[in-house]
Every structure is written in C-alpha cells, then in structure tokens.
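The values are calculated or read from the model by the stated rules, or taken from the named source; none is laboratory data. What you see is a predicted model, and the numbers here were worked out from it, not measured in a lab. Cβ coordinates were reconstructed from backbone atoms using ideal geometry, including for glycine residues, and neighbour counts include every protein chain displayed. Heavy atoms of the whole protein, side chains included, go into the accessibility calculation; ligands, DNA and RNA do not. Shrake-Rupley method; radii C 1.70, N 1.55, O 1.52, S 1.80 Å.
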Amino acid sequence: KTPAVSGLTRREQEVLSLLATGRSDREISEALSISRRTAEWHVTNVLAKLDLDSRAAAAAFAVRHGIA
C-alpha cells in the first residue's frame, strides 16, 4: 500500500504513478478501467493538490516521493 502523499486519494496516487511513466489520459483510463474524462479529472486534481503546473513536474514529484 502506498502511503498518503500530500492529501492525494488512493486513486489519485495510482493516477500519479501512471502519469509518471509517461502515460496519456487515454492510457491511464484504460489501465484503471475508468472513462477518459475521469482520468483527465484525476490528473487535474493531482496537479492542483500538489501545486504543480505540468505533467513533467508531477512525474518528477512522483520519483522524488517513491510513487513512480
């Protein structure tokens, strides 16, 4: 189990982990069996909660915190 990071939900942590591997919203949605829109919403929430402005910054965060 991944420890809680910066107030992210378990699902958001899963999304962050997939995002860190360079997956697109479509690929994230397929991996988690959710709609593409829901994946986009999770990515947006992750970026907002972590106060990050890009997917690359989120990937770097994930690596630094052992999520990726």
Could you check how much of the accessible area of the chain is carbon and sulfur, as a whole percent, using a 1.4 Å probe?
49
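Quick one: net charge around HIS42, please, counting Lys, Arg +1 and Asp, Glu -1 for every other residue with C-beta under 14 Å from its C-beta.
+2
Using a probe radius of 1.4 Å on heavy atoms only, what accessible surface per residue do you get for the chain? Whole Å² is fine.
Value returned for the chain: 60 Å² of accessible area per residue.
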First select every other residue whose beta carbon is under 15 angstrom from the beta carbon of ASP51; then total the charges, Lys and Arg +1, Asp and Glu -1.
+1
Mind checking the angle between helix 55-64 and the chain's longest principal axis? C-alpha axes, 0 to 90 degrees, to the nearest 10.
50
